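To keep things clear, I will list the structure first and then write my remarks on it.
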Amino acid sequence: MKALYETRLMFQRSLKHTVRNPIWVFLNLFQPLLYLFLFMPLLKSLGGVPGLPAGKTVQIFIPGLLVMLALFGSAFVGFGLVDEIRTGVIERFLVTPASRVAVIAGRVLKDVVVLLIQCILITLFSIPMGLSVNIEGFLMSLLLYAVIAIAMASMSYAFAIIFKSEDTLASTLNTIALPISLLSGIMLPLALAPLWIRDLSKANPFSYAVNASRALFSGDIGNKDVIIGFIIVILLAALTFWWAVRSLKKMAA
Amino acid sequence: MNDQFIIETKDLRKNFISKSKGKKKIVEAVKGINLAVKKGEIYGFLGPNGAGKSTTQKMLSTILSPTSGEVRINGYDLAKQPQQIRQSIGYVSQAGGTDSMSTGMENLILQSLLYGLDKETAQKRALQFTDRFQMSSFADRLAVSYSGGQRRRLDLALGMIHHPSILLLDEPTVGLDPQSRAYLWDEIRNLKEEGITILLTTHYLDEADKLCDTVAIIDYGEIAAEGTPAKLKDDIGADSVLLGFGDINTSKKSGEILSKEIEAQGVKVEDKNVHLYIRNGERELPNILRLLDSNNLIVESISLSKPSLDDVFLKHTGRSLREDDK
Ligand SMILES: Nc1ncnc2c1ncn2[C@@H]1O[C@H](COP(=O)(O)OP(=O)(O)OP(=O)(O)O)[C@@H](O)[C@H]1O
Ligand SMILES: [Mg+2]
C-alpha cells in the first residue's frame, strides 16, 4: 500500500516534469514519422516478396514501427536519471523512508504513459495511409508496448545508476538498441533474411514482440505468436525492473 | 554503548575501490572513526577537501554502507534498523538535492509526503518553512531559476521539514554571502534551542569556532583532535607568532636558530614563514627580534595572535587549513 502510494507520488512528479517540457514527447515522434513518410513508400513497391504480401505493406510495417518506437522511445530515459543522481535528488529520496521500488516505478509509469500517447498518435497518422485497425487487437497491442517500455526504461535506469555518466550510457544503449531493432524484423520481415539471421533473431526477445504486434493488428488475438510475445516481454520487464531496483539499492554502497 | 550519546560510532571505516587505467586501487576514505555526539549539541567536522567528512555523513544517513564498524543513531543500529534511522534524521547533502524542474513549494510538499505526513500537514509545513526561510517570494517558481543562496535555503528546509531530532548538514553555508551565512548560523542555533542535535561539516574555521559546541578535526579519514573550540585552543597553551621572511633560505635558517635558542612549544617552517608557539608571546617578542637581528636575518612581517582553530589544525596535522583553501 505504502509503496503504491509513493509510486503515485513519484509518478505525479515525473509526469509534471514532462508536461512542463513536452517537447521531448514530440521530438521522439520525429524518427517514426520519418520512417512513415520516407521509408514506407519504398516498401510499397516491394510488396509481393515473402512475408510482405502485395497491398498489405502498411499492415505489416506499422506494428513493427510501433515496437521500434517502444524500444527507442524508452531506451534513453536514463539520461534524466543521471542528471538527478548528479544533483543529489535521488540521494535525497533515498534518505527518506520512501520505498526504493517507488523511485523507479514512478518514473517507469511516466515513461509508459508517454509511450502510449506516442503510439496512439502514430497509429492515427497511419490510418489515412491505409492502416486498418482492429480495436480489440489495438488495445492489446498497446498493452504489449507498455510492457516493452517497462523493460527498456528499467534497463536504461539500471545502466544510468551503474554508470552515472551520460557518455557511457549513450554508447552502451546505442550498442544494445541497434542490433535489437535490426534483428527483430521491424523494417523488413525476417522471412526475407538469410537463415543465419533468422536463427540469430530467435535469440532476440523483441522479434517475438514484433510478431505478436503484427498478429494483434490483424485482429488475430488468440494467435500463438501473441501469447509467446507477451510471455517473453513480461519476463524481460520483470527481470530488468528487478535489476534497476537492485542497482538503486546498491547505488552508493 | 551509552544513552547520553545520540550518535555513536565505533571504528567506522569506508574503503572505496576505484579503477584508474584498469588498475584497482583502494581508497581508505574513512579510517576508523569513533564518534560520541551528545543529544542537543552542535557537533562539527572540520577538515580539508577529501578528509572524509562527506563519506562519514553519508554512512550516518544510511545511503552508504560502511566497510566495517558500528553505528548507533537515536538508539537504533544502522545495520539492522536503517528505516527507523531515516525517520529520525534529516540530511542535507553537499550537492543539495533540490529537484530543479519543480517549484520550491512542490519540493517541500513531496518531501513531507515521502516522510508519511498527510496532505494537509504537508501543505501547512511547506508554508511554515517558506516563511521561516524567507522563501515566500520565490517558492512558486521552478527551482532551476533560484540563486545559489535561495537554493541552499530550500535544501535546508527540505532536510528539516519532517521535524527530525537529528540533522546532518554537509557544508551548509558553502557558497553563501556573509549575510546569508550569518542568517543560517542563527537558524542553526535556533534549531539547537529546540533540542535538535546537529552534526555539520565545514572547512570554514570561523564556522567551527563560533557555531559548534564540539569540533572534531578530521584529516585523511581520521579524527586528529576533538573537543570544544575553547579547549582545543587552550591545549595549544601558547600564543602563535608568525614571522614572515623574504625567502625560503632565510625562513629555514631562522627556524633552526629559533628552535635552538628560544624556549618555544613548537617551531614550524612553512614556505617563507615561521610559526612559533610560545607562552607569553608579547614578552618574548623583543628577544626573538634581537636574536634574529644579531644573526643578520631580516624579518619582513610579524604577527602575534591568540591560538585559532587553524593553529590547532596545524599542530595536529602539520598543515594549515588556510593554505588548503587557496
Ligand atoms: N564513490 C567514491 N569512489 C572512490 N573514491 C571516493 C568516492 N567517494 C569519495 N571518495 C574519496 O574518498 C575521500 C574522501 O572524500 P569525501 O567526499 O568524504 O571528502 P570531504 O571531506 O567531504 O571533502 P570536501 O571538503 O571536498 O567535500 C576522497 O579522497 C574521495 O576522492
Ligand atoms: Mg564533502
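The values are calculated or read from the model by the stated rules, or taken from the named source; none is laboratory data. All values reported here derive from a predicted model rather than from experimental measurement. All Cβ positions, glycine included, derive from the backbone under ideal geometry; neighbour counts span all protein chains shown. Just the protein is used for accessible areas: all its heavy atoms, side chains included, with ligands, DNA and RNA removed. Shrake-Rupley method; radii C 1.70, N 1.55, O 1.52, S 1.80 Å.
State all residues of the range B:80-106 that are closer than 21 Å to B:THR197 by Cα and either without any contact (Cβ under 8 Å) to a residue 12 or more places away in the chain or away from ligand 1 (no atom under 16 Å from the Cβ) (or both); if no residue qualifies, say none.
Filtering the range B:80-106 for residues closer than 21 Å to B:THR197 by Cα gives B:81-94, B:96.
The answer is B:GLN81, B:PRO82, B:GLN83, B:GLN84, B:ILE85, B:ARG86, B:GLN87, B:SER88, B:ILE89, B:GLY90.
Hey, could you check the range B:63-73 for residues that are at pLDDT 95 or above and open to solvent by 20 Å² or more (accessible area, probe 1.4 Å) and say which is nearest to B:ILE7 (Cα to Cα)?
Among those residues, the one meeting the criterion is B:ARG72.
Give A:VAL58, A:VAL77, A:VAL82, A:VAL49 a once-over and let me know the one that is touching an Asp or Glu at 6+ places or on another chain (Cβ under 8 Å), of a type in the set (A, V, I, L, M, F, W, C) and more than 14 Å from chain B (Cβ to nearest Cβ).
Details: A:VAL58 fails: touching an Asp or Glu at 6+ places or on another chain (Cβ under 8 Å); A:VAL82 fails: more than 14 Å from chain B (Cβ to nearest Cβ); A:VAL49 fails: touching an Asp or Glu at 6+ places or on another chain (Cβ under 8 Å).
Being touching an Asp or Glu at 6+ places or on another chain (Cβ under 8 Å), of a type in the set (A, V, I, L, M, F, W, C) and more than 14 Å from chain B (Cβ to nearest Cβ) holds for just one of A:VAL58, A:VAL77, A:VAL82, A:VAL49, which is A:VAL77.
Is one or more of the residues making up the range A:51-67 among the small types (Gly, Ala, Ser), open to solvent by less than 20 Å² (accessible area, probe 1.4 Å), touching a residue at least 40 places away in the same chain (Cβ under 8 Å) and in a helix (DSSP H, G or I)? Reasoning before the result, please.
Narrowing the range A:51-67 to residues among the small types (Gly, Ala, Ser): A:51, A:54-55, A:64.
Subset that is open to solvent by less than 20 Å² (accessible area, probe 1.4 Å): A:64.
From what's left, touching a residue at least 40 places away in the same chain (Cβ under 8 Å): A:64.
In the following step, the residues that additionally are in a helix (DSSP H, G or I) were identified as A:64.
Yes, there is a match, as at least one residue in the range A:51-67 is among the small types (Gly, Ala, Ser), open to solvent by less than 20 Å² (accessible area, probe 1.4 Å), touching a residue at least 40 places away in the same chain (Cβ under 8 Å) and in a helix (DSSP H, G or I).
Is at least one residue of the range B:100-123 open to solvent by 10 Å² or more (accessible area, probe 1.4 Å), under 30 Å from B:ASP11 (Cα atoms) and either touching a His at 6+ places or on another chain (Cβ under 9 Å) or of a type in the set (Lys, Arg) (or both)?
No, the range B:100-123 contains no residue that is open to solvent by 10 Å² or more (accessible area, probe 1.4 Å), under 30 Å from B:ASP11 (Cα atoms) and either touching a His at 6+ places or on another chain (Cβ under 9 Å) or of a type in the set (Lys, Arg) (or both).
Can you pull out every residue in the range B:149-180 that is more than 20 Å from B:ALA126 (Cα to Cα) and free of Cβ contacts under 8 Å to residues at least 24 places away in the same chain?
B:PRO178, B:GLN179
Quick one: B:GLY44 ticks every box in (1) away from every other protein chain (no Cβ under 14 Å); (2) surrounded by 15 or more Cβ atoms within 10 Å (Cβ to Cβ); (3) more than 15 Å from ligand 2 (Cβ to nearest atom); (4) not aliphatic (A, V, I, L, M) except a single one, so which number is it?
Condition (3) is where B:GLY44 drops out.
Just to be sure before I move on: is B:SER54 among the hydroxyl-bearing types (Ser, Thr, Tyr) and more than 14 Å from ligand 1 (Cβ to nearest atom) in the structure I sent?
On the way: among the hydroxyl-bearing types (Ser, Thr, Tyr): yes; more than 14 Å from ligand 1 (Cβ to nearest atom): no.
No.
Out of all the residues in the range A:23-33, is one or more within 14 Å of chain B (Cβ to nearest Cβ), assigned to a helix (DSSP H, G or I) and not acidic (Asp, Glu)? Full working, then the answer.
First, pick out the residues of the range A:23-33 that are within 14 Å of chain B (Cβ to nearest Cβ): A:23-24.
Those still in the list that are assigned to a helix (DSSP H, G or I) too: A:23-24.
If we keep only those that are not acidic (Asp, Glu) too, we end up with A:23-24.
There is at least one residue in the range A:23-33 that is within 14 Å of chain B (Cβ to nearest Cβ), assigned to a helix (DSSP H, G or I) and not acidic (Asp, Glu).
Within the range B:200-246, how many residues turn out to be open to solvent by 20 Å² or more (accessible area, probe 1.4 Å), among the aliphatic types (A, V, I, L, M) and farther than 22 Å from B:HIS275 by Cβ?
Of the residues in that region, 1 qualify.
Return only the number of the condition from (1) within 16 Å of ligand 1 (Cβ to nearest atom); (2) in a strand (DSSP E or B) that B:LEU167 does not satisfy.
All conditions are met except number (1).
Based on this model, can you work out whether A:SER132 counts as outside any helix (DSSP H, G or I), open to solvent by 10 Å² or more (accessible area, probe 1.4 Å) and away from every other protein chain (no Cβ under 14 Å)?
yes
Mind listing whichever residues of the range B:78-97 are among the β-branched types (Val, Ile, Thr) and either at the interface with another protein chain (Cβ under 9 Å from one of its Cβ atoms) or surrounded by fewer than 17 Cβ atoms within 10 Å (Cβ to Cβ) (or both)?
Here is the first cut: in the range B:78-97, the ones among the β-branched types (Val, Ile, Thr) are B:85, B:89, B:92.
B:ILE89, B:VAL92, listed by residue number.
Looking at A:ILE120 and the list (1) at pLDDT 95 or above; (2) closer than 25 Å to B:ILE89 by Cα, which single condition is not satisfied?
(2)
Does the range A:145-160 hold any residues that are crowded, with 24+ Cβ neighbours inside 10 Å and among the aliphatic types (A, V, I, L, M), and which are they?
Scanning the range A:145-160 gives A:ILE148, A:ALA149, A:ILE150, A:ALA151, A:MET152, A:ALA153, A:MET155, A:ALA160.
How many residues does the range B:1-47 contain that are out of contact with any helix residue (DSSP H, G or I) (no Cβ under 9 Å at 6 or more places or on another chain) and not in a strand (DSSP E or B)?
So the answer is 7.
Among the residues of the range B:135-142, are any away from ligand 1 (no atom under 16 Å from the Cβ), among the aromatic types (Phe, Trp, Tyr), open to solvent by less than 10 Å² (accessible area, probe 1.4 Å) and modelled with pLDDT of 95 or more? Before the answer, list the steps.
We begin by selecting, within the range B:135-142, every residue away from ligand 1 (no atom under 16 Å from the Cβ); these are B:135-142.
If we keep only those that are among the aromatic types (Phe, Trp, Tyr) as well, we get B:138.
Cutting the leftovers down to open to solvent by less than 10 Å² (accessible area, probe 1.4 Å) gives us B:138.
Retained after the next criterion (residues that are modelled with pLDDT of 95 or more): B:138.
Yes, the conditions are met somewhere in the range B:135-142.
If you go through the range B:16-41, how many residues are within 9 Å of ligand 1 (Cβ to nearest atom), within 14 Å of chain A (Cβ to nearest Cβ) and not hydroxyl-bearing (Ser, Thr, Tyr)?
The total comes to 4.
Conditions: (1) buried (at least 21 other Cβ atoms within 10 Å of the Cβ); (2) touching a residue at least 40 places away in the same chain (Cβ under 8 Å); (3) away from chain A (no Cβ under 14 Å); (4) more than 20 Å from the chain's Cα centre (by Cα). B:THR130 meets all but one. Number of the miss?
(2)
Take A:LEU43 and tell me if it is within 14 Å of chain B (Cβ to nearest Cβ), touching a residue at least 24 places away in the same chain (Cβ under 8 Å) and either more than 23 Å from A:ILE176 (Cα to Cα) or open to solvent by 50 Å² or more (accessible area, probe 1.4 Å) (or both). Write out each step before concluding.
Numbers: within 14 Å of chain B (Cβ to nearest Cβ): no; touching a residue at least 24 places away in the same chain (Cβ under 8 Å): yes; either more than 23 Å from A:ILE176 (Cα to Cα) or open to solvent by 50 Å² or more (accessible area, probe 1.4 Å) (or both): yes.
No; evaluated as a whole, the condition is false for this residue.
Exactly one of (1) in contact with a helix residue (DSSP H, G or I) (Cβ under 8 Å, 6 or more places away or on another chain); (2) more than 13 Å from chain B (Cβ to nearest Cβ); (3) surrounded by fewer than 19 Cβ atoms within 10 Å (Cβ to Cβ) is unmet by A:ARG8. Its number?
A:ARG8 satisfies every listed condition except (2).
Among the helices (runs of 4 or more DSSP H) contained in the range B:183-269, which hold 2 or more residues that are farther than 29 Å from B:GLY90 by Cβ, without any contact (Cβ under 8 Å) to a residue 24 or more places away in the chain and over 13 Å from the mean Cα position of the chain (by Cα)? First the steps, then the outcome.
Working: elements: B:205-211, B:229-236, B:248-261.
Helices (runs of 4 or more DSSP H) meeting the threshold: B:248-261.
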